[in-house]
Every structure is written in C-alpha cells, then in structure tokens.
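Below you'll find the structure, written out as structure tokens, and then a few comments.
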Amino acid sequence: MIQKWFDLTGKTALVTGSSRGLGLVIARGLAAAGAKVMLNGVNRERLDAAVEAFRRDGLEAYACPFDVTDREQIEASLHDVKKTTGPVDILVNNAGIQRRGPLESFDPREWQAVIDTNLTGVFITTQCVVGDMIERKSGKIINICSLASEIARPTTGPYTAAKGGVKMLTRAMAVEWAAHNIQVNGIGPGYFLTDMTRTLAENEEFDRWIKGRTPARRWGDPEELTGPVVFLASDASSFINGQILYVDGGLLSLI
Ligand code: NDP
C-alpha cells in the first residue's frame, strides 16, 4: 500500500536542466520510481550522454533538448518527444544559472540572463506543458527554488530576485490550477555540490562557513533530493499545493 502512493509507473516526467547536476539526480529518482523521463539541457552532447547512461541502467529516458528561455524550441521538442512518451504528467522546473557580482556594478545583460533562465523560463516551460494537464485534470509541477527564495547573500542579487520570484510563482500557479487537480509545489535545496557550487566548495573558507552555518554540519548529497521530489510527484501529496519544501539540513531554522 505504502509503495503504491509513491509509484510513478506509467507517468511521464520532464525535468529541465537534467543533463547534469541536481536535475540529473532528480530525473534518475523519478525514473527509479517508474516514470518515463524526458531529460533536458542545452548542450546536446551532454544530454545524449545522460540519456545513454539512463538506458544502460534499464531506465526509460528520452532527450528533449531546448533552451528554457525559447518558447519555439520548447514547443518543437515537446511535440516530437510526446509522440513517443505521451503528454507530461510531472514537470520539474530545475534549469538554472548563477552569476555573481556586486549589485551596484552588475551588468544588466547578465541580470537579464539570470531572470530569463531562472524565473521566466519556469513560466514559459510551464505554459507549454500545463494545457495538457488542465485538459486531463491531472498534473504535478515542482519548481526548484533555493534558500535564496527566503534569504540573501551578498553578490547574488539577480539569483535571489529570481528565486524569490519562483517561490511566489509557485503559489500563483497553485491557486490558479488546483481546481484542475494540478499540484504545484517547490523544493528549496540548501547547499549541494554541483558545477554551480564547485568554486564555493573549493574555497576552504566558504566550505568551513557552510559546515558551521548548517545545523547538519555538512553539504547536502544530491540523492537526498530524490525522496522529496518523488513525494511531491506522487499520489502521496495529492492535497499539498503551493508549499515550498526546504531540504537544507536545518539551515533556514538557525538564526
Ligand atoms: P548545474 O549548473 O550543475 O546544472 C544546470 C543544468 O541546467 C544543466 O543541465 C544545464 O544544461 C541546464 N541549463 C542551464 N541553462 C539552461 C537553459 N537556458 N535551458 C535549459 N537548460 C539549462 O546546476 P545545479 O544542478 O546546481 O542547479 C540546478 C537547480 O537547482 C538550479 O535551479 C539551481 O538554482 C538550484 N539550486 C542549486 C543548489 C546547489 O547547491 N547546487 C542550491 C539551491 C538551488 P547544460 O548542461 O546544457 O548547460
């Protein structure tokens, strides 16, 4: 019975930005729970390698290449892949970038790139997917937020603005689509080692700071996002809507 609540057999999941990093681990978790997964990224070689690795492990995966800021690319790629997989049941909006620098001299084009990818990309990708969900009166949308959805650090202004926006966009989506039996929730990871955070992890002072600032006294292991994502993608969370689940080793709870 318990297993049935979390079973994703027969579902199709699209995870944006899943050619590497957290998205890749999230997609693997959804596939392990039974879903067909559409992997996504911009770099085609990396994406194809990820799909191959899934298939070698007996997981059902398809390449769905597009840039989350480009509506035409999203529509074209989804149109192709859906012929094989059927419509998307589970959408994880995970693709994101980071650009650091002092706000007073931040390049406006870089500001725009972060907002376009991390916030507007969630809006556009979801618009391209949600029509099928509304029609079928069923869907799960999980937006990857951040601790920056709640708190700020110097030099990450655009990222913080975007992730704060993703949190509120999650709530806006939840209240608009709940009546269609669509649940929209967010996951806010703490600090996890990926390409995005590699320079931070390699900085001894920062690494020490993270371990001191996180009540769990360590970085997160990307695998620790699998349970929360599968939960929010499954029937087990059918009355949870508009919530952000922080997976942060307790960091947000500590002053
Ligand atoms: P990575 O840099 O490791 O991976 C980013 C992924 O996003 C890649 O697959 C990349 O594809 C893809 N991507 C980037 N831009 C686009 C785009 N325009 N269209 C489609 N795909 C794109 O990042 P993480 O795995 O660390 O981060 C994943 C998400 O988690 C982000 O939203 C990030 O903000 C969030 N997050 C991460 C934390 C961490 O500690 N790592 C903490 C909190 C939140 P490609 O390979 O083609 O470049």
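The values are calculated or read from the model by the stated rules, or taken from the named source; none is laboratory data. Bear in mind that the values here come from a model prediction, so they are computed numbers and not experimental data. Here the Cβ positions follow ideal geometry from the backbone for every residue, glycine too, while neighbour counts run over all protein chains shown. Note: accessible area is taken over every heavy atom of the protein model, side chains too, but ligands, DNA and RNA are not part of it. Shrake-Rupley method; radii C 1.70, N 1.55, O 1.52, S 1.80 Å.
Below are the figures for this structure:
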| quantity | calculated |
| --- | --- |
| Hull volume in cubic angstrom per residue (convex hull over the Cα atoms of the chain) | 133 |
| Sequence-separation-based contact order of the stretch 128-255, relative, with Cα cut under 8 Å and 6+ spacing, percent | 32 |
| Among 111, 39, 222 the positive-end extreme of the charge dipole of the chain (Cβ point charges) | 222 |
| Reachable aspartates and glutamates, given that their alpha-carbon falls under 14 Å from the alpha-carbon of residue 4 and they are not under 8 places away in the same chain | 235 |
| Separation between Cα centres of the stretch 1-37 and the stretch 167-221, rounded to whole Å | 18 |
| Greater than 29 Å apart at Cα, pairs in 83/137; 83/140; 83/167 | 83/167 |
| The chain, accessible area per residue, ligands and nucleic acids excluded (1.4 Å, Å²) | 48 |
| Inter-centroid distance (Cα atoms) of the stretch 124-164 relative to the stretch 234-255, Å | 14 |
| Mean Cβ count within 10 Å, highest first, over the residues of peptides 44-57, 67-80 | 67-80, 44-57 |
